[in-house]
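**Q** Structure provided below as structure tokens; questions to follow.
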Amino acid sequence: MTSATSRWGRAAAVGGLVLVGALVACADPNKPESEAPSPSEDYEDVQLGAAPVDASSTEDPDLAAKQAAAQEVLKNVKDRDPEEEKKKLARSHAISEQAGQQLAKGQMQEAVQTARQALKVHEQNVDAMLVIAQVYYKQGKFELVHAVTSSALQIDAKIRTPEETSRAYNLQGFAMMAMGDEIAATQSFKKAAEVDENNAVAWNNLGTRYLDAGDTATAMSCFEYALQLDARFPEAHLNHGAALRANRQWEPAEAEMRKALELRPNYAEAYFDLGVLYLDADPFPNLDTTQRLNKAIQNLGKYRELAIADGGARPGRAASAFEGPNAPPPRVSKDRADDYIRVAKKGLEREQRRIEREQERQASPAKPGEPTDAGAGEPADAGSEEPGDSGEAPPDAGAGAGE
């Protein structure tokens with residue numbers, strides 16, 4: 001999915017991975033122990049707001065009566081005392097703050113119950129809606145995530161804050177990614193960054209979308225801007241390193257990936273990306289082939305160790321869709337790591353044979369007519385057999401995913 005608890009836990013709205021001013025360049029510098037029961041049955045009783053309807057548009061008298069009643073509710077909402085509404089919304093936000101804290105601890109059922117209480121105090125509390133949407137996301141109910149975030153975005157902009165709007169678009173973007181709609185996901189992430197330009201997570205996640213599309217220049221500007229907003233954002237450092245690797249800037253890429261590890265020790269994806277960097281970077285400054293490939297194996301092995309200990313792989317690169325410092329980081333496949341390790345080991349074997357032949361040639365000068373090229377007849381080095389790029393996407397988010 002990272003940054004400070006206050007930003008992740010309550011306000012980070014992004015989708016790390018608009019349209020105005022950020023399409024050509026990213027910004028102007030001036031991410032439960034057990035699955036909780038579904039909250040859907042009870043949540044359906046909570047009104048998220050409704051659009052006015054025309055009671056005369058249906059011939060069903062019962063439906064027409066319900067629609068007329070809905071319009072009366074909306075009229076009553078408009079007629080409420082503004083000062084009293086502010087007080088109610090403040091009380092509701094105090095409750096939804098507790099729900100967010102419960103969600104950060106993995107207490108999903110409790111978080112939903114508390115968020116529901118907040119909505120009973122004030123039915124237009126966007127923060128409470130987003131807590132429930134995040135639970136749906138954790139449960140893999142992505143269509144419900146889209147429905148709830150869409151309802152949240154229909155709340156009057158005078159009530160809905162830019163932070164909440166950005167969070168809603170960010171979470172919606174992760175849901176669209178999970179449903180396979182990459183274009184809609186990118187549009188949501190753009191909007192998340194557009195409505196809250198100080199949302200570092202949003203810029204990071206937007207950068208991942210450009211990086212996946214091959215636009216490394218724009219991706220890099222997004223990551224750099226995210227790091228201006230939050231210099232201690234490990235996902236942004238890692239993604240910036242991935243963009244530098246794509247530009248074959250080996251040493252700067254290595255520095256950024258190691259910065260991510262400095263900020264988050266045991267950051268599995270950072271070890272993975274470092275492993276791929278050493279596998280890919282031929283030659284790497286101040287490392288011979290054997291040293292380079294051994295570093296690749298070492299870092300990929302560390303990734304596997306951490307991924308297994310953490311319970312397996314989770315797809316994605318964007319910051320986690322969940323806001324909170326304890327959000328699970330995105331994962332790449334352990335099988336892919338195994339593929340890279342095999343490639344590196346084959347490269348080491350070839351390099352060892354090359355060294356042995358070179359030593360034999362030095363001990364026994366070649367006879368006239370024999371080839372003298374030490375690498376003659378040998379396949380290319382391990383880097384050319386790389387089984388694919390490591391930077392395929394998630395939101396959690398930098399991501400690491402994170403909503």
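Bear in mind that the values in this text are calculations on the coordinates, not laboratory data. The structure presented is a predicted model; accordingly, all values stated were derived computationally and were not measured. All Cβ positions, glycine included, derive from the backbone under ideal geometry; neighbour counts span all protein chains shown.
**Q** Could you give each residue of region 81-96 its phi-based ³J(HN,Hα) in whole Hz, using Karplus coefficients 6.51, -1.76, 1.60 with θ = phi - 60°, and x for Gly or Pro?
**A** 5, x, 5, 5, 5, 4, 5, 5, 5, 5, 5, 5, 5, 4, 6, 5
**Q** So which trypsin sites (Lys or Arg not before Pro) in region 185-278 pass both tests, a DSSP loop state and at most 14 other Cβ atoms within 10 Å of the Cβ?
**A** Numbers: sites: Lys190, Lys191, Arg209, Arg232, Arg245, Arg248, Arg258, Lys259; in loops: Arg232, Arg248.
Those satisfying the criteria are Arg248.
**Q** Tabulate in residue order the Karplus-calculated ³J(HN,Hα) for region 217-230, using 6.51 cos²θ - 1.76 cosθ + 1.60 with θ = phi - 60°, rounded to whole Hz; enter x for Gly and Pro.
**A** Going residue by residue, I get 5, 5, 4, 4, 5, 5, 5, 5, 5, 4, 6, 5, 6, 8 Hz, with x marking Gly and Pro.
**Q** By counting other Cβ atoms within 10 Å of each Cβ, how are His93, His240 ranked from fewest to most?
**A** His93, His240
**Q** With every atom except the alpha carbons ignored, what do you get for Rg and Dmax of region 139-199, in angstroms?
**A** 11.1, 33
**Q** So how much slack lies between Asn286 and Ile159, counting 0.36 nm per residue of separation and subtracting their Cα-Cα distance, in nm? Could the numbers behind the result be given before it?
**A** Values: separation 127, 0.36 × 127 = 45.72 nm, distance 5.74 nm.
In short, 40.0 nm is gained.
**Q** How far apart, in nm, are the 7 Å Cα→Cβ label points at Ser150 and Arg232?
**A** 4.0 nm
**Q** On to the next question. Suppose every K and R has +1 on its Cβ and every D and E has -1 on its Cβ; what is the size of the dipole of region 136-293 about the Cα centre, in Debye to the nearest 20? Intermediate results must be reported in sequence, preceding the final value.
**A** Working: 15 positive and 23 negative charges, 76 e Å.
With Lys and Arg at +1 and Asp and Glu at -1, about 360 debye.
**Q** Arrange the following residues from fewest to most other Cβ atoms within 10 Å of their Cβ: Glu110, Glu256. It would help to have the intermediate numbers written out before the result.
**A** On the way: Glu110 16, Glu256 24.
Final ranking by Cβ density, sparse to dense: Glu110, Glu256.
**Q** Now a separate question. Pop a pseudo-label 7 angstrom from the Cα along the beta-carbon direction at both Asn294 and Lys346 and give the gap in nm to one decimal.
**A** Result for the modelled spin labels: 2.3 nm.
**Q** Say R0 is 45 Å: what FRET efficiency, to the nearest 0.05, do Glu182 and Arg357 get from their beta-carbon distance?
**A** Numbers: r = 48 Å, r/R0 = 1.07.
For R0 = 45 Å, the calculated efficiency reads 0.40.
**Q** If I model a spin label as a point 7 Å beyond the Cα along the Cα-Cβ vector, how far apart are those points for Ser364 and Lys87 in nm?
**A** 9.9 nm
**Q** Which links in Lys88/Lys158; Lys295/Lys345; Lys86/Lys158; Lys88/Lys138; Lys302/Lys334; Lys105/Lys190 stretch past 18 Å when you go from one Cα to the other? Spell out each step's value before the answer.
**A** Numbers: Lys88/Lys158 15 Å; Lys295/Lys345 11 Å; Lys86/Lys158 11 Å; Lys88/Lys138 29 Å; Lys302/Lys334 11 Å; Lys105/Lys190 29 Å.
Over 18 Å apart, Cα to Cα: Lys88/Lys138; Lys105/Lys190.
**Q** Right, next: How would Leu206, Leu244 line up from fewest to most surrounding beta-carbon atoms within 10 angstrom?
**A** Leu244, Leu206
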